[in-house]
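Encoded as structure tokens, the structure appears first; notes follow it.
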Amino acid sequence: MSKTNLQRFALILADLLSMSIAFLMAITTTRFYHLDLFSSPWSNFFHFGTSKVLGLTIIILFWYQEQYIKRRPFWEDLLQIYRTMSLLLLINLGLSFVLAKGSLKILIVSFWLSFAVVLPLMRIVVKLLLHRLQLWQREVYILGVGESASNAFQLLIQNKMMGYHLKAFVRISVQDKNTPSLTLANHSIISQQELIQQLKDNHECEIIVALTQSELNQQIGLINFLQHNSLAVLVLPEISGLALYGAQIEHFFGNDQLVLRLNNNLARNVNAWIKRAFDLICVILGLIILSPVFIVIGAIIKFTTGNKVFFKHQRIGRNGKLFYCIKFQTMYPNSAELLAHILATDEHAKEEWERDFKLKNDPRVTNIGKFLRKTSLDELPQLFNVLVGEMSLVGPRPIVSQEIERYADGFYYYQLVTPGITGLWQVSGRNDVDYTNRVRLDEWYVKNWSLWYDIVILAKTFGVVFKRSGAY
């Protein structure tokens with residue numbers, strides 16, 4: 001059995017095992033509410049049969065979607081899984097309304113919710129096991145040795161779960177003037193003739209085309225050949241700064257020209273309403289659950305420092321409108337005077353402040369304040385800003401007037417959305433990311449917004465807070 005077929009077989013087994021576990025979890029959950037659910041063998045057979053058919057249908061759909069052969073980034077893979085599951089859940093519930101007792105809706109919903117949790121976890125376990133056994137790796141060649149090739153390699157490093165193992169960079173011609181970067185220096189660089197020779201012995205590899213537009217046009221013949229002699233060819237075109245999420249590729253019949261249709265996701269009223277509804281649901285639940293935390297933190301601040309519990313600072317919101325951002329108080333009462341003294345006497349601190357508008361070792365911060373900042377708990381009161389619509393759960397971090405100049409053209413995109421408690425900057429390194437990249441990340445978020453990306457950023461935020469990455 002080839003390695004590719006073994007990988008496919010292992011993933012299918014993982015999905016079938018996940019399905020079985022989900023059935024057991026659903027049965028256990030449902031019996032708490034309906035002990036008589038399984039009293040009738042025919043009812044049991046019918047409903048299990050329906051769910052099994054739908055469960056097997058999802059395996060067929062995953063096969064059709066090439067889930068078992070294509071390598072995708074984790075969050076994109078998960079999005080496709082959940083879209084398919086959501087569709088089948090609706091079909092399953094529809095059948096239950098027509099053909100089944102109402103009590104079994106609990107069984108159906110429990111199964112699909114359990115399946116949605118167990119399946120991704122099981123796949124991760126199987127992939128890690130295959131990786132450990134040296135069976136998950138898939139060889140990949142990167143066509144090109146320039147900056148685009150280096151960027152492509154960095155993408156592979158950042159997405160290790162995809163399992164790509166770089167075999168070699170490919171220099172497209174002996175006249176290639178591109179000087180290999182330091183990224184490429186420690187890896188094999190071969191000619192296209194050597195690549196063609198190696199493909200004769202191994203078709204179970206992928207090719208990443210990372211060339212400039214002019215180089216790409218010159219190598220159409222080679223790329224067409226590679227497409228028919230490898231598992232897949234991935235072309236990374238020289239496109240940056242465009243809103244590519246949700247973009248649609250359209251073709252003209254009988255012509256090689258294509259159209260890339262870009263969407264302005266947040267300009268659609270329905271998307272704005274969805275984002276606001278998502279914020280409200282999460283915030284109301286969050287305030288109810290976290291109310292004891294608010295009380296404890298407020299009491300500690302009051303009794304240890306004598307400060308006011310909350311601190312309000314004027315920030316810039318959507319459409320340039322000013323609002324007061326709320327945080328737990330983390331500084332001494334005379335923080336303004338302390339800052340002025342520090343900036344007047346410490347050149348290093350002054351440079352850091354002018355660069356980042358922050359100080360890594362800020363003497364204005366109280367002991368409890370250091371803990372709150374390190375754990376990001378000082379941001380919790382901003383849930384009230386979200387509740388009244390001044391902020392969102394996810395978005396660019398709110399800035400002060402002095403930062404508008406630093407944002408430059410990026411300020412246009414900043415004003416299009418409400419600022420967020422967390423955002424792409426926070427989950428990409430936070431204070432360890434320089435200001436230029438912070439602006440770039442905020443622009444990318446606004447251009448490529450989707451509810452799924454909000455969910456991903458929130459999920460990543462919990463990991464960042466737990467690790468305390470880049471927080472001070």
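Every number in this text was worked out from the coordinates using simple rules, so none of it is lab data. Just so it is clear, the model here is predicted, and its values are computed rather than measured. Heads up, the Cβs are rebuilt from the backbone with ideal geometry, glycines too, and the neighbour counts pull from every protein chain shown.
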| query | Can you list the lysines whose alpha carbon sits under 21 Å from that of LYS105, skipping same-chain ones fewer than 8 residues off? | reply | LYS52
| field | Spatially proximal aspartates and glutamates relative to LYS327 (Cα-Cα < 18 Å; intrachain offsets below 8 disregarded) | value | ASP362, ASP378, GLU379, GLU390
| note | Dividing the mean separation of Cα pairs under 8 Å (6+ apart) by the residue count of the chain yields a relative contact order in percent of 11
| query | Rule-of-thumb check for the chain: C-alpha Rg over 2.2 N^0.38 Å? | reply | 1.18
| said: Within 10 Å, Cβ to Cβ, of VAL386, how many net charges do the neighbouring residues add up to if Lys/Arg are +1 and Asp/Glu are -1? | reply: -1
| In nm, spacing of pseudo-spin labels at SER291 and GLU147 (7 Å Cα→C-beta vector) | 5.5
| message | Restricting to bridges with both residues inside the chain, how much of the DSSP beta-bridge set is antiparallel, in percent to the nearest 5? | response | 40
| Of LYS275/LYS460; LYS3/LYS160; LYS160/LYS370, which ones are farther than 26 Å apart at the Cα? | LYS160/LYS370
| field | Shape call, segment 129-287: gyration tensor on alpha carbons, a/c limit 1.5 | value | prolate
| Helix by helix, which DSSP H runs in the chain go 20 Å or more along their axis at the Cα atoms and have an average Kyte-Doolittle hydropathy of -1.0 or more? | 3-31, 41-64, 74-99, 104-132, 269-305, 451-467
| query | Between TRP452 and ILE223, 0.36 nm times their residue separation minus their Cα-Cα distance comes to what? | reply | 79.1 nm
| said: If packing is taken as the average number of other Cβ atoms within 10 Å across a peptide's residues, how do 113-122, 216-225, 309-318 rank, most packed first? | reply: 113-122, 309-318, 216-225
| Cβ-derived FRET efficiency at R0 45 Å, GLU194 paired with PHE32, nearest 0.05 | 0.10
| Do the sum for the chain: with -39,500 (n - 2.57) for every DSSP H run of n ≥ 4, divided by all residues, what is the mean residue ellipticity at 222 nm, to the nearest 500 deg cm²/dmol? | -18000 deg cm²/dmol
| query | Ranked from highest to lowest mean number of other Cβ atoms within 10 Å per residue, what is the order of the peptides 196-207, 283-294? | reply | 196-207, 283-294
| field | Residue-span extension gain [GLU337 to ILE249] - 0.36 nm each, minus C-alpha spacing | value | 26.0 nm
